[in-house]
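Below: the structure, in structure tokens.
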Amino acid sequence: MRDLSFEGYVRDDGAVGVRNHLLVLPTCVCSAQCAMDIAARTASAGAISFYHQHGCAQLEFDRIQTLRTLAGTGANPNVAAVLVVGLGCENVTASEIVAAIAAQSSKPVAAITIQEEGGTERAIERGVELVQRLAAVSGISGDTRQSIGLDHVVLALECGGSDALSGLTANPVAGWVADRVVAAGGTVILSETTELIGAEHLLAARAPDPAVASALLDTVARVEATIKATGVDLRGSQPAPGNIRGGLTTIEEKSLGCIHKGGTSPLREVLAYGARPSRKGLTFMDTPGHDVESMTGMIAGGAHAVLFTTGRGTPTGAPVAPVIKIATNDRLWSLMRPNLDFSAGGIAAGRQTVADAGGMLLDLLLDVLSGHLTRSEQLGNREFGIYRIGPTV
Amino acid sequence: MSTDRTGTTEKVRFVHLGCQCPYTLWFADQARCVAHHLGLPFADEDVTGRPRLAAAAGAFCPMQVMIPGHSPRTAPRPADRIIAELDAGPLADCIPARGLLVQEPLADWSIYRPGSAEWPAAVAATGRLCLGKCAAATALVEAVAAKRSWLESVHAATPTPGCLLLIAGPLDAPTGFAELIPIAAGHIPVADAAADDQLLTCVHSIKTAGGGDFRQALLERLAAVAGTIWAVAGRSLPYPNGPLSLMLAAGFREVATLGRHVLPGHCVDELVLVRRAAEALGPPTAAAVLVHPDDDVVTLPDGGDAGMLISAPGVPTVIYAACAVPPGHKVAIRHVAAGDYVLKYGQPIGRATKTIKVGDHVHTHNLASARAGGPGPTNAKDGGK
């Protein structure tokens, strides 16, 4: 029996993290540059930040979703402490985010606003000071990893730049690993509602609770109706042009390949965008097919790491969770190896079975959870984007 | 078949040994097509010199082997000119207008032979020729082995080195083509041909009782010594592994469509001119993946070129890519009517927007989503939700 444990950080509140980030979190687009500047000066203390364009001039449903996503990202157990950097007049405020993070964890959180500090230079100076204090308070430099079981893990699944082999190689391999995580008592988040169109009936049939099945079907129906209501044919954007060049013809074909990432476990819960799973096992989060927005939602929901399958190749990473990039074919693996962590191409070439590759990927996952940096981490990829529901106002 | 240049008038001869088999008539028609494109008169000749009715009695092989003397180097028109002419227009002259529905049992096919007293009436009735099954011919094929030396003597008597081999035989003739292999290897003087010679070959596809397919081996042996080969093959008659598939497996590539040929009671088939370059090696193969046994398509991880044999574990039929297929793209392994769902992963992935034939590249040009703005699901096929 394989040892399914890894080395992680146990927080004061019992949460388990696989990274020790000190997150400088901008509330809105206007404070993003300031937050990035603070993190750049405190990188040695473990600080990171990222740019985003949300947090202001949003209708209420978008405002709530942005708040939930930003707070969820701060609350992600891979984050040891948070400095929230606000502007002062935005409609997702720093104090709301602080309160929302505090409601989900007991990690140290501080906040500043540029308007109260008297401009960016003073805000940066003050922010650097606060980051250093947070680093000391959270003790991240002294934190040591402990052996943790996979039952504590929330694993996110993503596919981006799919090709016709995604559903034959990398996605089944990710699904094999997802099944092992579920069997070990962990949590798995499948996402991308658009990429369930044509395959939703198969996933719904795996929900023991009829309410979960109907929630899933309703979610897909709502997205499909929304697309139709625009009067624009989905085929203009899904599958994406790269998907089509890679041999995927229709959204149904793409979806039927996509759901292989979820493995074969029963579906336990359907989550709103950015929401935390309340159940162990396989869950589904309502996200768009957009890779960055989808991963942002799952990581805000507490995902520790992402298995990201790709047939076309993409450099995408995420700010607070490692992203394991899995090539669907050997050609991509040799072409874009610097951006990739694993290849499932051996399956199409007949060199490996799904279980062979799955075992190797599970080993890699345990290594990454234990601190091994993925390629996107090494390259500093920290893409972040929140799923927008309505217009900017 | 040959072009006869001994007289002042050139003509294409369709030379055969008896004519019991309906497929000989069919091949005669193919030869007629070739003659048409060469712009030459056509002659149909039985070189056995035996009483025709003797064939029906089993006195000699009903299988037809035509080994005339003709080198393409002496052909009145170069092949590329023939091809150009093929491209230039339809072949109304070669398309049987009607078919006479002749069904077995048919005691004596000879009445439908060119040259028979009944032939003019048969031609008048059918437009060009009539075809069907002939149980008597099947039985006669079994006498082939005993006639080998006789066949060889016929080959030896062929006046000049042959560049055209026409092989015909009835369905279910397990021994007939085996007999041809030594003939092809030893008595057809293809070894005399220069590397740039063109050997017109017409091979009919038959599944043997043992399941083997030695016609392909025959073709490959010929190809090994013959250089470039031109041939005529039926596109689909009368089963998926038809003559064209066989030719493609042996490295031939489609050049032009010659016209349609009516097989009463069976199908309408299309005759195709194919060419095998001297440098072509065996059947090129493209690896493919069948995801689910119900699927209409396979995926080619590395893509493939037109004519490549699709090698997909779990797919029982022989399939060739109809055109170049990019890596990761799909090829149909079943016929799908326009409007029907196409299945992959055992599930509908959209609907065919036009008829999809076996071997076709399946992509946005013939398949569209049925969801989110697509044509919408129907009950056209199982799998609709």
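Per-structure values
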read-out: Segment A:244-297-segment A:320-344 distance, computed between alpha-carbon centres (Å); value: 19
read-out: Positive-pole candidate from A:333, A:283, A:391, dipole of segment A:260-393, charges at beta carbon; value: A:391
read-out: Charge context of residue A:315, other residues only, Cβ under 9 angstrom, K/R +1, D/E -1; value: +1
read-out: Loop chymotrypsin sites (Phe, Trp or Tyr not before Pro), segment A:1-82, which have at most 15 other Cβ atoms in a 10 Å radius of their Cβ (DSSP); value: A:51
read-out: Qualifying chymotrypsin sites (Phe, Trp or Tyr not before Pro) for segment A:337-390 [loop in DSSP, other Cβ within 10 Å: at most 14]; value: none
read-out: For segment A:271-388: Kirkwood Rh in Å [reciprocal of mean 1/r, alpha carbons]; value: 14.9
read-out: Angle in degrees between helix A:170-183 and the longest Cα principal axis of chain A, rounded to the nearest 10; value: 70
read-out: Sorted by Cβ neighbour density within 10 Å, fewest at the top, the residues A:254, B:357, A:325; value: B:357, A:325, A:254
read-out: Principal axis dimensions, largest first and in whole angstrom, of chain A by Cα; value: 60, 52, 42
read-out: Lys/Arg +1, Asp/Glu -1 at C-beta; chain A dipole; positive extreme among A:229, A:172, A:256; value: A:172
read-out: For segment A:221-284: rounded, prolate or oblate by the Cα gyration tensor [a/c cutoff 1.5]; value: oblate
read-out: FRET E, pair residue A:353, residue A:264, Förster distance 22 Å, beta-carbon r, rounded to 0.05; value: 0.90
read-out: Residues A:49, A:237, sorted so that the one with the fewest Cβ neighbours within 10 Å comes first; value: A:237, A:49
read-out: Estimated [θ] at 222 nm from DSSP helical runs (n ≥ 4, -39500 (n - 2.57)) normalised by residues in chain A, nearest 500; value: -11500 deg cm²/dmol
read-out: Two-decimal Rg/Rh across segment A:21-138, once Rg and the Kirkwood Rh are taken from alpha-carbon atoms; value: 0.93
read-out: Folded to 0 to 90 degrees: helix A:120-138 orientation relative to chain A principal axis, Cα; value: 70
read-out: Segment A:1-58 and segment A:100-117: distance between their alpha carbon centers, rounded to Å; value: 13
read-out: Estimated dipole of segment A:148-378 in Debye, rounded to 20 [Cβ of Lys and Arg +1, of Asp and Glu -1, Cα centre]; value: 200
read-out: Column: log10 I(q)/I(0), Debye, Cα scatterers of segment A:148-378, q = 0.12, 0.15, 0.18 Å⁻¹; value: -0.57, -0.92, -1.36
read-out: Additional length obtainable on full extension of the chain from residue A:95 to residue A:378, 0.36 nm per residue less Cα span; value: 98.6 nm
read-out: With Cα atoms, 0 to 90° folded angle of helix A:60-75 axis to chain A main axis; value: 80
read-out: Size of segment A:90-131 as Cα extents on the principal axes (Å, biggest first); value: 31, 24, 9
read-out: Sites residue A:133 and residue A:202, calculated FRET efficiency, Cβ-Cβ separation with R0 45 Å, nearest 0.05; value: 0.30
read-out: Cβ-Cβ FRET estimate between residue B:354 and residue A:51, R0 fixed at 45 Å, reported to 0.05; value: 0.45
read-out: Counted charge near residue A:122, where neighbours are those whose Cβ lies closer than 11 Å (Asp, Glu -1; Lys, Arg +1); value: -4
read-out: 3J(HN,Hα) from dihedral phi, segment A:10-23, Karplus parametrisation 6.51/-1.76/1.60, rounded to Hz, x for glycine, proline; value: 9, 7, 4, 8, x, 5, 10, x, 10, 9, 10, 7, 10, 8
read-out: Fewest-first ranking of B:308, A:360, A:295, using other Cβ atoms within 10 Å as the exposure measure; value: A:360, B:308, A:295
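Bear in mind these aren't lab numbers, they're just calculated from the coordinates by the rules spelled out. All figures in this text were calculated on a predicted structure; none of them were measured in a lab. Positions of Cβ are backbone-derived with ideal geometry, glycine not excepted, and every protein chain shown enters the neighbour counts.
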